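Below is one structure, written out as structure tokens; comments come after it.
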Amino acid sequence: MSLLSHSVVVGLLVSLVSFAAHPLPSDNSAYPPPKLTELRVVSKSSLGGQIGSKVIASCLIRSDGGTCTITRGKTASREVQLSFGMSWASATAQLGIGSGRTVSTTVSCSSPALSAGTSWKARPVGTIYYYKIRKRIIQAGHVMSTDLSSQLTAFNPSASKIACGLH
Amino acid sequence: MRPALALVAPLALAAAVSLAGCTPAAPAIPPADLIGASLDTLTEGPGADATLLVQDASPRVGASPSYTGDPDLDAAWQIVAICTSDADVARSSQIEVAVLPEDLVTPAVEADVASGSFRDAVDCAGRPHHG
């Protein structure tokens, strides 16, 4: 065995002995306190009675002078923008809206008499929320850093309201 | 007893699974079966959970449209054309029908319906199964 490899073996043995002589501490005092991530919806405001952009049902009139009625059961999507990895469930809870991805509407709307080939469309009506998400890193009760998202929006469709029209 | 139990238990389980598999499924309802039926047959039956589009085809028989969407009046309307998103009406999430008031469905209109004259009274986009 060369002198170099002999030194390595001896050094390794010393290290193992040293490790055994100084076992891992049993209390937490030797570790840095854990970093906690806090995500909050902040600067929240809302505007009710807003018409959503997505068409949830469309009916092409096939009888000249006929009507079309779009009935219950249409599904409107609940839309929530997220940031910093905040979960859907946490964001909807803090916004105070339902956590389901969709809302089934219960109302119907009838068109006036229309020319054949005209489309009668239904859109959801609901509340738009404006908000930001704040991310804070907290360690031992001290805020280590704070980040704020850009302006985010959510749309919470109403089950009992839809808006119908030609456009 | 143990070996016997070890033999019987899997057989009993297999029998239970087999019996469960034999439970008869509800027969499919093709959309054509709803032609000539009153609208409440659909809205209170196999189409109760679907998104429903109702086209009032009254102008085709010289009358003004009057369907209001009031479910209490669905029994007074007859389905003259239908298309669905599934071959089984009960499994369809999207249903479109064309309707006429019952009192406008004369024998001549019935004959037109039977000959398919009202098939184009529904659009059927995304609902490929025709009645």
If you go through segment B:61-87 one residue at a time, how many are surrounded by fewer than 22 Cβ atoms within 10 Å (Cβ to Cβ), of a type outside the set (Ser, Thr, Tyr) and either at negative phi or at pLDDT below 95 (or both)? 12
Condition first: charged (D, E, K, R) and under 27 Å from residue A:105 (Cα atoms). Now tell me which residues in segment A:36-55 satisfy that. A:44, A:54
Please determine, by comparing only the residues of segment A:88-146 that are more than 27 Å from the chain's Cα centre (by Cα) and β-branched (Val, Ile, Thr), which one is nearest to residue A:33 (Cα to Cα). A:107
Which of the following residues is in contact (Cβ under 8 Å) with a residue 40 or more places away in the chain and of a type outside the set (Lys, Arg): B:85, B:64, B:117? B:85
Looking only at segment A:61-107, count every residue that is out of contact with any helix residue (DSSP H, G or I) (no Cβ under 6 Å at 6 or more places or on another chain), part of a loop (DSSP other than H, G, I, E, B), open to solvent by less than 50 Å² (accessible area, probe 1.4 Å) and within 14 Å of chain B (Cβ to nearest Cβ) and tell me the total. 6
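The values are calculated or read from the model by the stated rules, or taken from the named source; none is laboratory data. Please read these numbers as outputs of a predicted model, since none were measured by experiment. Positions of Cβ are generated from backbone atoms using ideal geometry, with glycine treated the same way; all protein chains shown enter the neighbour counts. The area values use the complete protein model at the heavy-atom level, side chains included, leaving out ligands, DNA and RNA. Shrake-Rupley method; radii C 1.70, N 1.55, O 1.52, S 1.80 Å.
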